[in-house]
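Engineer: Here's a structure for you.
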Amino acid sequence: MKSIRGLAVLLLALGCTTASAAETKPEAVTVYRHATLIDGTGGPARADMAVVVKGERIVSVSPDAALKAADLAGARTVDLKATYLLPGLIDSHEHLATPPNRKQAEGTLRRDLYGGVTAVRDMADDLRSVGELARASLVGEIPAPDIYYAAFMAGPSFFVDPRTHAANAGVTPGTAPWMQAITDETDLPLAVARAKGTSATAIKIYANLSGELVAKIAAEAHRQGMQVWAHSAVFPATPAQVLAAGADVVSHTCYMAYEAAGPMPASYQAKTPVDPAPFAKGDNPVMAGLFAEMVKRGALLDPTMRVYVEGDKRAAKSGKPSQCTADLAAILTRQAWKAGVQMSTGTDGTTPPASPWPAVYDELELLVNKVGMPPAEVIRSATLVGARAAGQEADMGTVAPGKLANLIVLAKNPLENIAAVRSITLTVKRGREYPRSGYRPITREEAADSE
C-alpha cells in the first residue's frame, strides 16, 4: 500500500495523474437557479433559467423547470430569483505595467474583478511584471481577472518615447523580447518567436512602421499562431494598410479618420489633430470603405471611446486642441457599428483610485449614451466580442455549456439601463465566487503614484 501511495505521489510530482488521485478530489457542483439570463449573444433575456457549474466550467444551461434530480444531487444551490445573470465582462484594453507597480496593479485588478470584469487584454507593458500578475490571477493567489497580453513591436524611432524606457528597466529599449524595434533587416521569425516566449498571445503593432513591414509582421505572427493587435493607424502605415495586413483587432477609432482626413502623419510623434470637416455631413464614404473591409475580414474594433472623453478634459484644462474630440469619435464609432463592425469594450485607462467602479463601466455607458448602441449590443461587445478580441471565445464570452464559469449577477436589468451594471452583487470567475460585499477598496498604498 505504501509503495502504491508513493508511486502516486511521484507521478503527481512529475505532472502525471492517476485515476485514484482524480477520484479523491471531485469537483464541486453549484446550481444557479431562477435567474433572468442575458447570455452575451445579443439575444433576448430568458426568465427563470438555471446554470449548472462543476468546478470551473459550465455544465448545462436550461430552464429551471427542466432541472433533473441528478443535476441537484449533492449540489450547492444559489437562488437568483429577481436578479440578472450575465457573462463576466471583458476590458479589451488595459495597461498594467508601464511602469511596473505591483501594488497598484493588484488594486486595479481587484476592483476590476469585484466589478464583474473576469478577463482583460493587456495591450503591451513590461511583460516581466504582467506575466507574474497573469500567473497569480490564474491560480487564485490574487483576486483579479484573467490576463491575456501582447508583446510590442514598433519602428526604432519610436523608442525615444519615455513609456518604452519605463517598461524596459535594465534593458535597452527596443531589444527586449516584449518590446522590439523592427526594421527591414530584422529576422522576423526570430523576433516573433522571442515575443511568443514571453507567453504573450498576440503581437501589438504600434507605430513608425511602413505598410509593408506591418504586413510582414502580421503574416509571421499568424504563422506562429499569435493574434495581431494593432493601432488602427501605425504611422506611416495607413488604416487601409493595417487592415490589408490582416490585423485581428484594431484600436482607437479616431486613428482610422486619417484615411479620410489626410495627409497621413509620417510618424507617431508627428500626429496632428484630426480635421473634422470630412465627417461633418454624415457618413463618410472613405470610412464606409474601411468599415466594409473590416466586416469582410472579420476584423474587430476596439474603439476606446473613454480615451477621447479624457482627451477633451485635458484639452479644456490646457487650452490646446485634442487630437480627436469625443464627438468625432462617437460619429465614427456609430458609422462603424451601423456598418456591422464588431466592437469590443476597451478603456485604455483607469478610473481614479477612490472610485469603486472599473473604467469599463464608462466605456459601456459611452457606447450606449453617446454612440447610440442598444444595451444588448453593448453587453455583447463587453462579453462575446471581448472574448474574440482576446482570442478566448472557446472559453468565455457567453453563458454556455463547456465554457468557463465566468458570471456576474446584477440586481437591476441592464437591458433597460446600462448603468445597472453598478447593481452588481456577485462575480464568479472560473467557478470561484467574489461577492460584491467582500470588495476591499483600493488602499492609499496601492494608489500611490497613480495618475
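Engineer: Using a/c under 1.5 as the rounded threshold, could you call the range 336-419 rounded, prolate or oblate? The axes a ≥ b ≥ c are square roots of the C-alpha gyration tensor eigenvalues, and prolate needs a/b larger than b/c, oblate otherwise. Kindly include the intermediate steps, with their values, before the conclusion.
Structural biologist: Working: a/c = 1.40, a/b = 1.16, b/c = 1.21.
It is rounded, given that a/c, with a ≥ b ≥ c, falls under 1.5.
Engineer: Amide H neighbours of residue 97 under 5 Å, counting only residues 5+ apart in sequence or on other chains, H built in-plane at 1.01 Å?
Structural biologist: Under 5 Å from the amide H of residue 97: 126.
Engineer: Sequence-distant or interchain residues sharing an amide H contact under 5 Å with residue 57, placed H: which?
Structural biologist: 405
Engineer: When a/c reaches 1.5 or more, the comparison of a/b and b/c decides; with that in mind, is the range 68-220 rounded, prolate or oblate per its Cα gyration tensor?
Structural biologist: prolate
Engineer: Please state the relative contact order of the chain as a whole percent: Cα pairs under 8 Å, 6+ residues apart? Could the numbers behind the result be given before it?
Structural biologist: Values: 965 pairs, mean separation 83.5, N = 451.
Once normalised by length, the contact order is 19 percent.
Engineer: Run the dipole for the chain about the Cα centre, Lys and Arg Cβ at +1, Asp and Glu Cβ at -1, nothing else charged, and hand back the magnitude in debye, nearest 20.
Structural biologist: Details: 46 positive and 46 negative charges, 195 e Å.
Approximately 940 debye in magnitude.
Engineer: Separate question: Give the carbon-plus-sulfur fraction of the accessible surface of the range 288-360 in %, rounded to a whole number; probe 1.4 Å, heavy atoms of protein chains only. Don't skip to the answer; put the middle values down first.
Structural biologist: On the way: 1760 of 3070 Å².
Looking at the range 288-360 in its full context, I get 57 percent from C and S.
Engineer: If you don't mind, there's one more thing I want to ask. Report, in whole Å, the centroid distance computed from the Cα atoms of the range 47-68 and the range 115-172.
Structural biologist: Centre-to-centre distance over Cα atoms comes out at 35 Å.
Engineer: Report, to the nearest 10°, how far helix 127-138 tilts away from the longest principal axis of the Cα atoms in the chain, using its own Cα long axis and a range of 0 to 90°.
Structural biologist: Helix 127-138 sits at roughly 30 degrees to that axis.
Engineer: Another question about this same structure. Ranking request for peptides 173-185, 384-396: highest mean number of other beta-carbon atoms within 10 Å first, then the rest in descending order.
Structural biologist: Working: 173-185: 18.7, 384-396: 23.0.
The densest-packed peptide leads the list: 384-396, 173-185.
Engineer: Would you kindly compute the Cα radius of gyration of the range 58-123 and its largest Cα-Cα separation (Dmax), both in Å?
Structural biologist: Cα-based Rg and Dmax for the range 58-123 come out at 17.8, 53 Å.
Engineer: How far is helix 305-318 tilted, in degrees, relative to the longest principal axis of the Cα atoms in the chain, given as a value from 0 to 90 rounded to the nearest 10?
Structural biologist: 50 degrees
Engineer: Moving on. Long-range amide H contacts for residue 207: which residues qualify at under 5 Å (H placed 1.01 Å from N, peptide plane, sequence gap of 5 or more or a different chain)?
Structural biologist: For residue 207, the qualifying residues are 155.
Engineer: As I understand it, the dipole of the chain uses +1 on the Cβ of Lys and Arg and -1 on the Cβ of Asp and Glu, about the Cα centre. Which of 233, 255, 99 lies farthest toward its positive end?
Structural biologist: Positive-end residue among those listed: 99.
Engineer: Mind pulling up the Rg/Rh value for the range 20-106? Radius of gyration and Kirkwood radius, both on Cα. Spell out each step's value before the answer.
Structural biologist: Values: Rg = 17.6 Å, Rh = 15.5 Å.
Here Rg/Rh amounts to 1.14.
Engineer: Could you sort the peptides 105-111, 89-95, 156-162 by per-residue average Cβ neighbour count (10 Å cutoff), highest mean leading? Could you put the intermediate results ahead of the total?
Structural biologist: On the way: 105-111: 22.9, 89-95: 28.1, 156-162: 16.3.
For the peptides 105-111, 89-95, 156-162, the packing ranking is 89-95, 105-111, 156-162.
Engineer: About the Cα centre of the range 316-415, what is the dipole size in debye to 20, counting +1 per Lys and Arg Cβ and -1 per Asp and Glu Cβ, all else neutral?
Structural biologist: On the way: 9 positive and 8 negative charges, 37 e Å.
The calculation lands at about 180 debye.
Engineer: Once you order the gyration tensor axes a ≥ b ≥ c over the Cα atoms, which shape class does the range 141-206 get: rounded for a/c under 1.5, otherwise prolate or oblate by comparing a/b with b/c?
Structural biologist: Oblate, because a/c is 1.5 or more while a/b does not exceed b/c.
Engineer: I've got another one for you. List the chymotrypsin sites (Phe, Trp or Tyr not before Pro) within the range 223-312 that DSSP assigns to loop and that have no more than 14 neighbouring Cβ atoms inside 10 Å. Before the final figure, lay out each step's value.
Structural biologist: Numbers: sites: 229, 255, 258, 268, 279, 291, 308; in loops: none.
Counting only loop positions with at most 14 other Cβ atoms within 10 Å, none of the chymotrypsin sites (Phe, Trp or Tyr not before Pro) in the range 223-312 qualifies.
Engineer: Using a basic spin-label model with each label point 7 Å from the Cα along Cα→Cβ, how many nm lie between residue 68 and residue 165?
Structural biologist: 6.6 nm
Engineer: While we're here: Could you check the spin-label model distance between residue 288 and residue 47? Points 7 Å from the Cα along Cα→Cβ, value in nm.
Structural biologist: In this crude label model, residue 288 to residue 47 measures out at 4.3 nm.
Engineer: Helix-derived [θ] at 222 nm for the chain: sum -39500 (n - 2.57) over DSSP H runs of at least 4, divide by residue count, nearest 500?
Structural biologist: On the way: 17 runs with 144 residues, N = 451.
About -9000 deg cm²/dmol.
Engineer: In µm²/s, what is D for the range 255-395 at 4 °C and 1.567 mPa s, where D = kT/(6 pi eta Rh) by Stokes-Einstein and Rh is the Kirkwood radius from Cα pairs? Before the final figure, lay out each step's value.
Structural biologist: Working: Rh = 16.0 Å.
Here the translational diffusion coefficient equals 81 µm²/s.
Engineer: With the cut-off at 32 Å, tell me which of the pairs 271/403; 296/320; 271/370 have Cα atoms farther apart than that. Numbers along the way, then the final one.
Structural biologist: Numbers: 271/403 42 Å; 296/320 38 Å; 271/370 25 Å.
In this structure, 271/403; 296/320 lie more than 32 Å apart at Cα.
Engineer: Let me ask something else about it. Over the range 140-211, what is the relative contact order in percent, taking alpha-carbon pairs closer than 8 angstrom and at least six residues apart?
Structural biologist: 45 percent
Engineer: Which percentage, to the nearest 5, of the DSSP beta bridges contained in the range 163-258 is antiparallel? Please report the intermediate quantities before stating the final value.
Structural biologist: Details: 2 of 10 bridges.
Approximately 20 percent, going by the DSSP bridge assignments.
Engineer: For the chain, which semi-axes, largest first and in whole Å, follow from the square roots of 5 times the eigenvalues of its Cα gyration tensor? Display every interim value, and only then the final one.
Structural biologist: On the way: eigenvalues 282, 154, 83 Å².
In descending order, the three semi-axes are 38, 28, 20 Å.
Engineer: For the range 186-250, what is the relative contact order in percent, using Cα pairs closer than 8 Å and at least 6 residues apart in sequence?
Structural biologist: Details: 105 pairs, mean separation 22.8, N = 65.
Rounded, it is 35 percent for the range 186-250.
Engineer: Kirkwood Rh and Cα-based Rg: tell me the resulting Rg over Rh for the range 168-251, rounded to two decimals. Provide the component values of the computation, followed by the final result.
Structural biologist: Details: Rg = 11.9 Å, Rh = 12.6 Å.
With Rg and the Kirkwood Rh in hand, the quotient comes to 0.94.
Engineer: If you don't mind, another one. If one takes the longest principal axis of the Cα atoms in the chain, at what angle in degrees, from 0 to 90 and to the nearest 10, does the Cα axis of helix 285-297 lie?
Structural biologist: On a 0 to 90 degree scale, this one is about 40.
Engineer: How far, in nm, would the chain grow between residue 132 and residue 175 when pulled straight, counting 0.36 nm per residue and subtracting the alpha carbon separation?
Structural biologist: Values: separation 43, 0.36 × 43 = 15.48 nm, distance 2.06 nm.
Between residue 132 and residue 175, full extension yields an extra 13.4 nm.
The values are calculated or read from the model by the stated rules, or taken from the named source; none is laboratory data. Everything numeric in this text was worked out from a predicted model, so none of it was measured. As a convention, Cβ positions derive from the backbone with ideal geometry for all residues, glycine included, and neighbour counts pool all protein chains shown. Areas reflect the complete protein model, heavy atoms only, side chains present, ligands, DNA and RNA absent. Shrake-Rupley method; radii C 1.70, N 1.55, O 1.52, S 1.80 Å.
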